[in-house]
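Enquirer: What follows is a single structure, and I will ask about it in a moment.
The values are calculated or read from the model by the stated rules, or taken from the named source; none is laboratory data. Everything quoted here is computed from the prediction, not taken from an experiment. Glycine also receives a Cβ, built like all others from the backbone with ideal geometry; neighbour counts cover every protein chain displayed. Calculation scope for accessible area: heavy atoms of the full protein, side chains included, ligands and nucleic acids excluded. Shrake-Rupley method; radii C 1.70, N 1.55, O 1.52, S 1.80 Å.
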Amino acid sequence: EIHPDVADDLELVGRVVYAELDVAALYALSEALGPMQATGLPKFPAVQRDIAMLVRDEFTAGEIADALQQASKGLAESVTLFDLYRGDQIPDGHRSLAFRVTYRDPEATLTDKRVDKVHSGLATIARKHFDATLR
């Protein structure tokens with residue numbers, strides 16, 4: 001974002017953003033990936049569950065999300081970080097992370113029992129691999 005003083009000097013209105021795009025690199029990437037393919041809408045509903053944990057700063061949110069995704073036995077459609085907190089109640093060198101896990105089985109409607117079992121497995125992975133304290 002351009003500094004407001006610069007935008008004022010140029011008589012620009014609103015929040016002004018500047019960006020450079022490497023069109024050649026974007027084109028090469030699109031050629032390498034090929035055309036996007038549309039997929040059908042899911043037949044079965046998704047189930048969302050949140051998991052919040054206190055972890056040491058040495059672990060990245062990305063590596064935790066990847067581990068949770070892999071531990072979901074193929075049921076996690078996505079694992080998304082939606083909250084990161086550091087504050088008075090959090091020990092030094094730690095942070096609180098909260099992830100939203102979207103579960104979906106493309107072949108059947110998920111039951112609470114099945115999701116609960118997989119979700120508790122994610123909690124176990126978080127504790128064992130990342131020494132997480134669940135919140």
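Enquirer: Show the residue pairs meeting these rules: Cβ distance below 7 Å; 6+ apart or different chains; first residue within segment 104-125 and more than 18 Å from P42 (Cα to Cα); second residue in a helix (DSSP H, G or I) and open to solvent by less than 80 Å² (accessible area, probe 1.4 Å).
Expert: Listed by first residue and then by second, the contacts come to L122/L68; I125/A67; I125/L68.
Enquirer: Condition first: loosely packed, with under 14 Cβ neighbours inside 10 Å and not β-branched (V, I, T). Now tell me which residues in segment 90-126 satisfy that.
Expert: Going through segment 90-126, the residues loosely packed, with under 14 Cβ neighbours inside 10 Å turn out to be 90-93, 106-109, 111-113, 116-117, 120, 124.
Once the filter is applied, which keeps residues that are loosely packed, with under 14 Cβ neighbours inside 10 Å and not β-branched (V, I, T), segment 90-126 yields P91, D92, G93, P106, E107, A108, D112, K113, D116, K117, S120.
Enquirer: Please pick out the residue among D83, D5, D66 that is part of a helix (DSSP H, G or I) and within 25 Å of the chain's Cα centre (by Cα).
Expert: One residue alone meets the criteria, D66.
Enquirer: Of the residues in segment 1-48, how many are at pLDDT below 90, of a type in the set (G, A, S) and under 30 Å from D116 (Cβ atoms)?
Expert: So the answer is 1.
Enquirer: Next up: From the set of residues in segment 11-27 that are of a type outside the set (V, I, T) and surrounded by 10 or more Cβ atoms within 10 Å (Cβ to Cβ), which is farthest from E107 (Cα to Cα)?
Expert: Step by step, filter segment 11-27, then rank; the result is L12.
Quick grid of which residues meet (1) free of Cβ contacts under 8 Å to residues at least 40 places away in the same chain; (2) loosely packed, with under 11 Cβ neighbours inside 10 Å; (3) more than 18 Å from R135 (Cα to Cα):
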{"residue": "L29", "(1), (2), (3)": "yes, yes, yes"}
{"residue": "P35", "(1), (2), (3)": "yes, yes, yes"}
{"residue": "A38", "(1), (2), (3)": "yes, yes, yes"}
{"residue": "P42", "(1), (2), (3)": "no, no, yes"}
{"residue": "L54", "(1), (2), (3)": "no, no, no"}
{"residue": "E58", "(1), (2), (3)": "yes, yes, yes"}
{"residue": "A65", "(1), (2), (3)": "yes, no, no"}
{"residue": "L68", "(1), (2), (3)": "no, no, no"}
{"residue": "A71", "(1), (2), (3)": "no, no, yes"}
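Enquirer: Testing A7 on (1) over 23 Å from R100 (Cβ atoms); (2) surrounded by fewer than 12 Cβ atoms within 10 Å (Cβ to Cβ), one condition comes back false. Which one is that?
Expert: Just one mismatch for A7, condition (2).
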